[in-house]
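Single-structure report; data block below.
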Protein chains: 2
Amino acid sequence: MCDEAKRDPAERLRQMTARLKERGHRLTPQRLAILRILAESRGHPSVEDIHKALLKDFPTTSLATVYKTITRLKDENEVLELEFSDLANRYDGNTPTPHPHAICTRCGAICDPDTPPLEELAKLVADRTGFRITSHRLDFYGLCPKCQEQDG
Amino acid sequence: MCDEAKRDPAERLRQMTARLKERGHRLTPQRLAILRILAESRGHPSVEDIHKALLKDFPTTSLATVYKTITRLKDENEVLELEFSDLANRYDGNTPTPHPHAICTRCGAICDPDTPPLEELAKLVADRTGFRITSHRLDFYGLCPKCQEQDG
DNA sequence: GCGTTATGGATAATGATTATCCTGAAAGAA
DNA sequence: TTCTTTCAGGATAATCATTATCCATAACGC
């Protein structure tokens, strides 16, 4: 229910590479590999996760390269960043627009539940605060099913 | 509309001191001062903000003391932490239960809009993901009214 | 192929937060 | 009030994800 198949990874990869090229970014082998990892990932990998996966094909890749590529992708709105102050940030390259997440506070599992859209609520907030709302973040924290089992 | 008066700061201070005492924490002058700053704050101060305010009455207070006190308050659920990976975390001592925020991405202003409660949505997410939901975070990002003016 | 210039790699720097360690103060008991 | 125990404060070092820096090199348009 949680990490069901989303859109086709190959299609998403094509989309990302096309957008980067179109905006004048070079498509290096390392970059392509990072895009592929993001497109194929069902979870929400951290930079270190991505780097580890990358080392299988490109054993000399630097962590800095991953950070730089992620920054590009953020600038181009091709990846959604989930910030944490006490943990490494996590990234969603499949669905780069804001959407709710369920986050396990024990094991760090993150999944995308289906929920009604928040546009109405965002409009309400804009009306009441005078803000020009451009993005949002909705996280639910708790224990994932696996971690509940371990409680006995 | 955004930073309207909430509950009575003095009453909130009484509440916090009572809870800390009840749980066996000592009430030192520094701690009381931090509680007062949190209770009276209408914004969402960072640790550094709190420390700066504290120095007026206790010029030798260490930053570490503020961090330690905040940790206590988090453990006792008397303060709500808003985490940011690229900025200092911000704290709400007035309303320590999760509630939506509007956050200015330019100046960092944070305010508490009135919105319908999210309990139903949380229940829906719990049903669909199997998570045992214990907390949530709903942030809306955008430009506050002041920062919109500066755009011309 | 060539030349321009963005990118990759290695590593140092940054900065919020946490850990450590010791001294001193808070609170209860006598 | 004084004593005792233990928690809290202050100073500072350590941590760790993320950024910045710098140079050699690879990508891509011509």
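Some notes on this structure:
- Shape descriptor for region A:111-152: Rg over Rh equals 1.21 (Cα atoms; Rh from the Kirkwood inverse mean 1/r).
- Ordering A:L73, A:G43, A:L20 by the projection of their Cα atoms onto the charge dipole of region A:1-96, which places +1 on the Cβ of Lys and Arg and -1 on the Cβ of Asp and Glu, puts A:L20 at the extreme positive end.
- Along its three principal directions, the equivalent ellipsoid of region B:67-117 from the Cα gyration tensor extends over semi-axes of 20, 16, 7 Å, largest first.
- Selected from A:L38, A:L13, A:L27 as most flexible by GNM, with chain A as the system and alpha-carbon contacts under 10 Å: A:L27
- Once the Cα gyration tensor of the protein assembly as shown is diagonalised, semi-axes √(5λ) in Å: 37, 22, 21
- Considering only chain A, percent of DSSP beta bridges that pair antiparallel, nearest 5: 60
- Rounded to the nearest 20, the size of the Cβ-charge dipole of the protein assembly as shown about its Cα centre is 780 debye, with Lys and Arg at +1 and Asp and Glu at -1.
- Going from the chain on its own to the full set of protein chains, region B:110-152 has these residues losing 50 Å² or more of accessible surface (heavy atoms, 1.4 Å probe, no ligands, DNA or RNA): B:L121, B:V125, B:R128, B:T129, B:F131, B:R132, B:R137, B:F140, B:Y141, B:Q148.
- Against the criterion of solvent-accessible heavy-atom surface with a 1.4 angstrom probe, B:Y67, B:Y141 sort, most first, into B:Y67, B:Y141.
- Choice from B:L73, B:L82, B:L138 showing the highest fluctuation, given a GNM over chain B with Cα pairs closer than 10 Å: B:L138
- Taking B:R132, A:R90, B:R26 and ordering them by how much accessible surface each has at a 1.4 Å probe, largest first, produces B:R26, B:R132, A:R90.
- If R0 is taken as 41 Å, the Cβ-Cβ distance between B:E119 and A:R42 corresponds to a FRET efficiency of 0.90.
- Summing Lys and Arg as +1 and Asp and Glu as -1 over all other residues whose Cβ lies under 12 Å from the Cβ of B:H25 gives a net charge of +3.
- GNM result for chain A, Cα springs below 10 Å: residue of A:F140, A:F84, A:F131 fluctuating most strongly: A:F131
- Computed over the alpha-carbon pairs of region B:72-152, the distance histogram in 10 Å steps reads 15, 39, 34, 11, 2 percent, short to long.
- Spread over its residues, the convex hull of the C-alpha atoms of chain B is 152 Å³ per residue.
- Surface burial for A against B, with a 1.4 Å probe and both sides summed, reaches about 3600 Å² of accessible area.
- Heavy-atom accessible surface of region A:39-152, averaged per residue, reaches 51 Å², computed with a 1.4 Å probe.
- Over region A:1-91, the Kirkwood radius and the radius of gyration, each from Cα atoms, give a ratio Rg/Rh of 0.94.
- Euclidean distance of C-alpha centroids, region B:75-128 and region A:40-84, integer Å: 27
- Carbon and sulfur %, accessible surface of chain A computed with the full protein complex present, 1.4 Å: 49
- Within-14-Å neighbourhood charge of B:I133 [Cβ basis; K, R +1; D, E -1]: +1
- Diffusion coefficient, µm² s⁻¹, Stokes-Einstein with Kirkwood Rh over alpha-carbon pairs of region B:45-93 at 10 °C and 1.306 mPa s: 142
- Point-charge dipole on Cβ atoms (K/R +1, D/E -1) for region A:1-96, about Cα centre, debye to 20: 480
- Selected from B:T129, B:C104, B:Y141, residue furthest toward positive end of dipole (chain B; charges at beta carbon): B:T129
- Applying the criteria of a DSSP loop state and at most 14 other Cβ atoms within 10 Å to the trypsin sites (Lys or Arg not before Pro) of region A:36-82 yields A:R42.
The values are calculated or read from the model by the stated rules, or taken from the named source; none is laboratory data. In this text the structure is predicted, and so the values were computed from the model without any measurement. Quick reminder, even Gly has a Cβ in these numbers, built from the backbone with ideal geometry, and neighbours come from all protein chains shown. Each accessible area value is taken on the protein alone, full model and side chains, heavy atoms only, with ligands, DNA and RNA left out. Shrake-Rupley method; radii C 1.70, N 1.55, O 1.52, S 1.80 Å.
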